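The values are calculated or read from the model by the stated rules, or taken from the named source; none is laboratory data. It should be emphasised that the depicted structure is a prediction, and the values quoted were computed from it without experimental measurement. Because the Cβ atoms are built from the backbone with ideal geometry, glycine has one as well, and the counts that use them run over all protein chains shown. Ligands, DNA and RNA are stripped out before the accessible areas are found, and what is left, the full protein with its side chains, is counted by its heavy atoms. Shrake-Rupley method; radii C 1.70, N 1.55, O 1.52, S 1.80 Å.
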Amino acid sequence: MLECLDVGYELVDPLADIGKLLARLLGEHLNPPVSRVEFSENEPIGTNYMLYKYRAFDGDRFVASCRAVVRRRVLEEVVCTLDESQVTRILGSPLREPEEPRLQPASTGIAERPPGQFYIDHFVIYRTLGTPHVDAGSWRLRVSGVVENPLELSLDELERLPRTSLVRDFHCVTGWSVPSVLWEGVRLKLIAEMARPREGARWVLLSGLDGYAAVVPLEDFVSEEALLVLRMNGRPLPIEQGFPARVFIPHLYGWKSVKWISQIGFAERYVDGYWEALGYHERGNVLLEERFKASRGAFAGGRRS
Ligand SMILES: Nc1nc2c(c(=O)[nH]1)N[C@H]1C(S)=C(S)[C@@H](COP(=O)(O)O)O[C@H]1N2
Ligand SMILES: [Mo]
């Protein structure tokens, strides 16, 4: 993984400029170097960002896939995934250990219509790693990490815990939102109270049966409206939407809403989940439009444009 945050590079011709920049960047950091960088596609992420995807080759050999985040003609972030033999991590200046993210103060409320989103009337189903096989009888939710009381809950046990329901919109980081979904489940705060995270716990890694994972700050995990969802719109979760249980935290983007949840791990240090490793934000607060990690540059003092 080659990761550059806070690039702050002004683009004249995005397609060509990013290609050249990637060729230079990969040339500096890879051996043997890259002989060719090819544009593959671009995709809007909300109404304010464009994501450009490239592939890099050494002759005919595929070397890396790269994602470049552009906001108003400024290149903000570059993440390249290299083949496993070459693992390099670059954050701002070369080869530093990933820092603990510094997060802006944020509220856990979600009253307004969030910036950069458009509303549609149905969910777009995502299953980046496929739909896992689920056996409700043997399924367990494991709660572990820096906790006093690790838990293992069956679906029956979960269903007997006190329920909460709320109507909240769902916001995917790519820009679509679904209004007024009825969510029903158990407060994540209750799960935390049962497991009792230790003093130093700061982050929670949520993992699904499909191998997908997302990370959230402890503070957001224990916020009043954060749910372990068992039912949506008055029905049990459809299999493709995470049966038997998924997470939903109304003020965070949808990629944090892990489906087919099977593990909740409390940790002292930040770790990337699936999309965070590809450049998406550590927290993903919807009202602050925390789509990409680069946005923390605004208060880390690194913005150059
Ligand atoms: N286990 C798992 N959870 C996941 C995903 C996934 O691929 N696997 N995709 C995430 C993303 S990016 C979004 S926007 C929502 C989409 O929820 P939906 O499939 O119910 O529309 O699920 C999230 N949870
Ligand atoms: Mo998403």
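Which is within 16 Å of ligand 2 (Cβ to nearest atom), among the aliphatic types (A, V, I, L, M), within 24 Å of Glu290 (Cα to Cα) and part of a loop (DSSP other than H, G, I, E, B), of Val215, Val247, Val258? Walk me through how you get there before you give the answer.
Values: Val215 fails: part of a loop (DSSP other than H, G, I, E, B); Val247 fails: part of a loop (DSSP other than H, G, I, E, B).
Residue meeting the stated conditions: Val258.
For segment 1-59, please list each of the strands (runs of 3 or more DSSP E) lying entirely inside it that holds at least 1 residues being at pLDDT 95 or above and open to solvent by 30 Å² or more (accessible area, probe 1.4 Å). Write out each step before concluding.
Working: elements: 2-10, 36-45, 49-58.
Filter on segment 1-59 gives 36-45, 49-58.
Report, ordered by the first and then the second residue, all pairs with beta carbons closer than 8 Å, sequence separation of six or more or different chains, a first member in segment 145-158 that is free of Cβ contacts under 8 Å to residues at least 40 places away in the same chain, and a second member that is surrounded by fewer than 17 Cβ atoms within 10 Å (Cβ to Cβ).
The qualifying pairs are Glu152/Arg140; Glu152/Arg142; Leu153/Arg140; Ser154/Arg140.
Residues in segment 232-242: is at least one among the polar types (S, T, N, Q), on the phi < 0 side of the Ramachandran plot, in the same structural domain as Phe170 (by TED's automatic domain parsing) and open to solvent by 10 Å² or more (accessible area, probe 1.4 Å)?
Within segment 232-242, the first condition is being among the polar types (S, T, N, Q), and the residues that meet it are 233, 241.
Now drop any that are not on the phi < 0 side of the Ramachandran plot, which leaves 241.
Adding the requirement that they be in the same structural domain as Phe170 (by TED's automatic domain parsing) leaves 241.
Filter once more, keeping what is open to solvent by 10 Å² or more (accessible area, probe 1.4 Å): 241.
Yes, segment 232-242 contains at least one residue that is among the polar types (S, T, N, Q), on the phi < 0 side of the Ramachandran plot, in the same structural domain as Phe170 (by TED's automatic domain parsing) and open to solvent by 10 Å² or more (accessible area, probe 1.4 Å).
Of all residues in segment 117-153, which are of a type in the set (S, T, N, Q), in contact with a Gly (Cβ under 9 Å, 6 or more places away or on another chain) and farther than 18 Å from Tyr253 by Cβ? Before you say what the answer is, go through the steps one by one.
Of the residues in segment 117-153, the ones of a type in the set (S, T, N, Q) are 117, 128, 131, 138, 144, 149.
Within this subset, residues satisfying the condition of being in contact with a Gly (Cβ under 9 Å, 6 or more places away or on another chain) are 117, 144.
Matches in segment 117-153: Ser144 only.
Quick check: is even one residue across segment 172-185 aliphatic (A, V, I, L, M) and buried (at least 18 other Cβ atoms within 10 Å of the Cβ)?
Of all residues in segment 172-185, those aliphatic (A, V, I, L, M) come to 173, 178, 181-182.
Right, trim to buried (at least 18 other Cβ atoms within 10 Å of the Cβ) and you get 173.
So far as segment 172-185 goes, yes, one or more of its residues are aliphatic (A, V, I, L, M) and buried (at least 18 other Cβ atoms within 10 Å of the Cβ).
Name the one entry in Arg113, Arg142 that is surrounded by 12 or more Cβ atoms within 10 Å (Cβ to Cβ), within 16 Å of ligand 1 (Cβ to nearest atom) and either among the basic types (Lys, Arg) or not in a loop (DSSP other than H, G, I, E, B) (or both).
After ruling out the rest, the residue left standing is Arg142.
Say we look at segment 105-128 and pick out the residues that are of a type in the set (A, V, I, L, M) and at pLDDT below 95; which of these is farthest from Cys172 (Cα to Cα)?
At the first step, the residues of segment 105-128 found to be of a type in the set (A, V, I, L, M) are 106, 110-111, 120, 124-125.
Right, trim to at pLDDT below 95 and you get 106, 110-111.
Working: Ala106: 19, Ile110: 14, Ala111: 17 Å.
So the residue we want is Ala106.
Identify the residue in segment 230-244 that is touching a residue at least 24 places away in the same chain (Cβ under 8 Å) and not in a loop (DSSP other than H, G, I, E, B) and, among all such residues, is nearest to Val167 (Cα to Cα).
Within segment 230-244, the first condition is being touching a residue at least 24 places away in the same chain (Cβ under 8 Å), and the residues that meet it are 230-234, 239-244.
Pick out the ones that are also not in a loop (DSSP other than H, G, I, E, B) and you get 230-232, 239-241.
Working: Leu230: 14, Arg231: 12, Met232: 10, Ile239: 21, Glu240: 21, Gln241: 17 Å.
My answer is Met232.
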